[in-house]
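To keep things clear, I will list the structure first and then write my remarks on it.
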Amino acid sequence: MTRAFAVLAALGALGALGAAGGCHHATFGLTTSNDNDATALASALSRRQLTETPMPVGSTHQPRVYAAIGAPTRSIVAFELATGKPAWKVDADVQSRIAVGGDFVVELEGKELVARDQARGTVRWHLAGPGALVGAAADRDRAYAVWHSGAHFAITAYDGASGGKLWTADADGALGAPAAQGGLVYVPFFAQWMSILDGRTGTPLARLRGLDEQISVLHATSDNLYYGSKQGLFRLGARSATGTRAGGEYAALKIPPQLDHTSYGVDAYDPVQLAYTAADRARILLRAEASDAGPGSSAPANAGGTGSLKLKGDGYAISYFRYVFGFGAGGELRWAYSHPRVELVSAEHTGYVIVGVAANGEVVALEPQTGAVRFRGSLGAGAEHVIGATFDADGWSPSSQSEPIETVAALVGITRDHDARFDRVKELAVQALAKLPGAEVTKELLGVLADARAPQKLKDTVVDLLVARKDPSSLPVLTAQLGVHSDYLLRTEPEALGPVAKAIGGLAGAPLDPRQVSEALAALQSHLDAPATAAPDLVLVIDAMAAIGGGAERPALASHLLLYHADDDLGGDAGWDQAIVHALELHGGPGEHELLRYVASDPRTMPALAALIRDGLPPR
């Protein structure tokens, strides 16, 4: 049973209490009689004052980033994305996320709610709340704050110009951090409901109840409101009145298991996420459009998940610490971006670009469909220790020329990153690399095997991927890798001999160039004949020669068997026995079969090898 449904069951007996009293009980009571009313929802949505095209909330409509700086002094930087320059920087003990209004921003500073003028950053008003802040939001004219003291929760609206209290609505239970948009304020309640209030009066307009999904994530843009949980996301619209995933515009996107810390947004009930946290560094980024698919559509607009949320650009992105990955709607990786040196602490999808702010104050914008870099900038001196950022940049599309992304280079950079925190991300990168054709990719994968600092699990993954690739163009690269031998004087050792041989064996049946096959067989034979080659590697070398040789490998393998059939080490090794007998028995002709009979009858042959041959060969 989920948290939301457990709470509902436990408190169901108290529902009658929510029906009594004033307006605030109708807003956040435990009664369900007014939930998911399609008429009320339609009326509420008709009141939203949305722009025809996405644009910033700020009254100047210029795209900005408001960044919270942690050192050398705690401060706020307002950065103009259009000009690439800071607008202002002021000292501020920021303890929450920054919410953007029409001509002000509001945040918790110390223990006070503070509004600052957007033009200069000066304090417009400040006040002490009636308890601990759960979360704040703002629209053009007002700021909204959810407070709690003990078991009591309430949301209060404040005039953006003066800080004067406009209204308060109390709750029978836990409220989450609110969102605001176009004159409406959205407030999650008990992780089960979302109430929609008139921002000016606090009048309840509609209330949604999730019937098969919690409501713990809210995210407002200038043209859409998204809500949902860690499982998936809805777009607010008329179909939200169904209260179900099947009936609403919903997406549960494919998230690679290597990116398992990723979330759809801020958990509105988590007190830690009142402020910017590490959770902001692992975020799903998307924009959606109105869907033509009806409720319960069997052909969802996003084939990568459950539901019918229509993704803009038919895809989504995941910002994951230092990396950003772009995916198609079906979950296929389109591109990858690796940010130099430091992590992206916050990122947002503006509708046209994905903009991120790094811990050192760097700002970058990426093309959502290709990953091309559209903008690079810096928050400026004194902003090198960024805690987090809020973006007021809806609709922003940089005019600067884009830098095409080199996905292979980005994936290689991820695989070569020695930060142990991202070992699983490296697995995702090598899996994506292995799906790309070409000898250069094979060379990079082999580089992982040669990296002494690469984790063994990653190397094991690369070996399996090399075998599965079956890319004929890789054979010359694999052959070249066999050029290094054990040499005491030169102090050299073969690099990944076994995995390379296994990868060559994986090319069995692929259309291979005869000249390249001859070169590969010669390189393999050089290790077959080398006394220093260990038995496990010899097994893979034999398998590889048999896989691609087409008969040309038989003389070398026959000579190898004659040389070692009585050897205490190799002749008594079960793996070597199986490999050499299998290669000559299944791939050999009458001459090789006669050789095997001779070896089986030779009294010097190791007993297990002789028995294996006798049991496997057909009678003459």
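The values are calculated or read from the model by the stated rules, or taken from the named source; none is laboratory data. Keep in mind that this is a model prediction, so the values were computed, not measured. Ideal geometry is used to build each Cβ from the backbone, glycine not excepted, and the neighbour counts take in all protein chains shown. All accessible areas refer to the heavy atoms of the entire protein, side chains included, with ligands and DNA or RNA removed. Shrake-Rupley method; radii C 1.70, N 1.55, O 1.52, S 1.80 Å.
Highest mean first, the peptides 465-472, 535-542, 402-409 sorted by other C-beta atoms within 10 Å per residue fall in the order 535-542, 465-472, 402-409. Of all aspartates and glutamates in the structure, the ones whose alpha carbon falls short of 13 Å from that of Lys459, not counting any fewer than 8 places away in one chain, are Asp423, Glu427, Glu444, Asp451, Glu495.
Simple rule: put +1 on each Lys or Arg Cβ and -1 on each Asp or Glu Cβ in the chain, find the dipole, and look at Leu311, Ser75, Gly616; the Cα lying farthest toward the positive end is Ser75. For percent of Cα pairs over 38 Å apart, computed directly from the structure shown, the correct entry in (i) 46; (ii) 39; (iii) 32 is (i).
Relative to the longest principal axis of the Cα atoms of the chain, helix 535-548 runs at roughly 90 degrees. Computed about its Cα centre, the charge dipole of the range 204-297 is approximately 60 debye, with only Lys, Arg, Asp and Glu carrying charge at their Cβ.
Normalising the average separation of contacting C-alpha pairs (under 8 angstrom, six or more residues apart) by the number of residues puts the relative contact order of the range 202-278 at 26 percent.
From the alpha carbon centroid of the range 394-470 to that of the range 339-392 is 22 Å. A Cβ-based charge dipole, computed about the Cα centre of the chain with Lys and Arg at +1 and Asp and Glu at -1, lands at about 1700 debye.
Compared with the dominant principal axis of the Cα atoms in the chain, helix 574-587 is inclined by about 70°. For the listed residue pairs Lys89/Lys111; Lys254/Lys426; Lys85/Lys111; Lys310/Lys435, the alpha carbons are over 23 angstrom apart in Lys85/Lys111; Lys310/Lys435.
Angle of helix 607-616 to the longest C-alpha principal axis of the chain, folded into 0 to 90 degrees and rounded to 10: 80°. Rounded to the nearest 10 square angstrom, His126 shows an accessible area of 110 square angstrom against a 1.4 Å probe. Each of Thr390, Thr122 has its accessible area taken with a 1.4 Å probe; listed largest first, they run Thr122, Thr390. The listed residues Arg142, Arg245, Arg453 rank as Arg453, Arg245, Arg142 when sorted by accessible area, largest first, using a 1.4 Å probe.
Tell me the relative contact order for the chain as a rounded percent, counting alpha carbon contacts under 8 Å between residues six or more apart.
Numbers: 1394 pairs, mean separation 53.1, N = 620.
With pairs under 8 Å counted, the relative contact order is 9 percent.
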